[in-house]
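What follows draws every value from the coordinates through simple rules; no lab data is involved. Note that this is a predicted model, so its numbers are computed, not measured. Using ideal geometry, Cβ is built from the backbone for each residue, glycine included, and neighbour counts are taken over all protein chains shown.
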Amino acid sequence: MDARDYCGATKKPEGKYEAMTICFILGIGSLVSWNSMLTIGDYYYTLFPKYHPARVLTLVYQPFAIGTMIILAYYESKINTRKRNLAGFTLFFISIFFVLVVDLATSGKGGIGPYIGICVLAACFGIADAQVEGGMVGELCFMCPEFIQSYLAGLAASGALISVLRMVTKAAFEKSNNGLRKGAILFLAISSFIELVCIFLYAIYFTKLPIVKYYRSKAALEGSKTVAADLAAAGISTKTKDQGGDDDKQQERLSNKRLFLENLDYAVDIFFIYAVTLSIFPGFLYENTGTHGLGTCKIWCARMDDFSHLLSGTHQWLSHCVCSYCGTKRLQGSRAECFG
């Protein structure tokens with residue numbers, strides 16, 4: 001069936017609520033792997049106490065995510081959206097699964113070798129995140145607003161879900177021998193299963209929903225070139241200009257430069273969000289830097305005594321002020337002398 005025929009024949013597409021549910025699950029899957037690695041930070045600090053994993057892993061993740069996002073945004077009109085999203089979810093699954101494999105292969109031992117492997121997998125998370133989030137948001141923008149709202153709600157719910165799962169898995173092995181590692185292994189296994197479910201939902205079920213077919217066909221008629229593979233997977237063909245399609249009525253795509261200038265305010269917002277996040281997030285609130293103090297009271301009083309001696313011989317009015325201040329209860333035990 002042709003995309004034009006499908007849009008004309010379908011008046012009330014079905015499957016809206018099923019699609020919203022799938023979008024919510026895909027939103028969870030878009031962040032579950034990275035959130036999982038961050039949430040087991042307590043376990044990684046027992047394995048790599050000298051390598052600051054909470055800080056380093058975040059700083060490894062972000063450059064790859066931003067760099068991949070810039071490249072994909074530049075070549076967006078030439079990229080197959082279906083392959084991009086499937087590649088991202090597949091990379092998520094492989095990466096989180098290999099985090100589990102690294103721990104099992106090393107029997108939970110630390111060292112520079114396993115740590116480098118974890119850093120490489122964190123970089124893979126960044127690449128996968130740029131592929132999935134950008135691809136899903138761009139694709140769902142062609143559809144009804146409820147789809148992208150459900151997807152973003154899934155992104156937000158991912159953190160809460162992972163936190164609850166971590167507390168449950170950690171509590172389940174709290175009293176057992178090496179319970180922290182056992183809880184982390186079970187937690188990573190659950191995260192791997194969630195990513196595997198996302199692959200099958202997007203590749204098989206989501207594509208065949210009538211409402212998804214309808215919006216993708218409509219996007220193809222409006223000039224989108226990135227939905228052809230999705231429509232082909234659903235059994236719907238798209239006509240090009242060489243095949244006699246009426247492409248003259250399609251909307252012309254703006255250049256990357258013009259798109260950037262028209263959305264400059266959003267670009268500035270994203271920059272500040274990343275700047276603030278990276279200023280706080282990489283382990284600043286997590287790491288225990290030790291106990292710090294300003295010294296004992298006796299040392300502080302001695303310094304004030306020296307300071308009062310210095311000021312006493314300078315100006316007559318200063319000496320009276322210093323004498324009055326040094327006589328208060330704050331400096332009991334000090335031996336400040338006043339001159340002049």
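Each Lys or Arg adds one and each Asp or Glu takes one away; over the other residues whose Cβ falls under 11 Å from the Cβ of Leu155, this sums to -2.
Within the shell defined by Cβ-Cβ distances under 15 Å, the residues around Ala184 carry a net charge of +2, with Lys and Arg each +1 and Asp and Glu each -1.
At an R0 of 41 angstrom, the distance between the Cβ atoms of Ala189 and Phe271 translates into a FRET efficiency of 0.65. Each Lys or Arg adds one and each Asp or Glu subtracts one; over the other residues with Cβ under 14 Å from the Cβ of Ala267, this totals -1.
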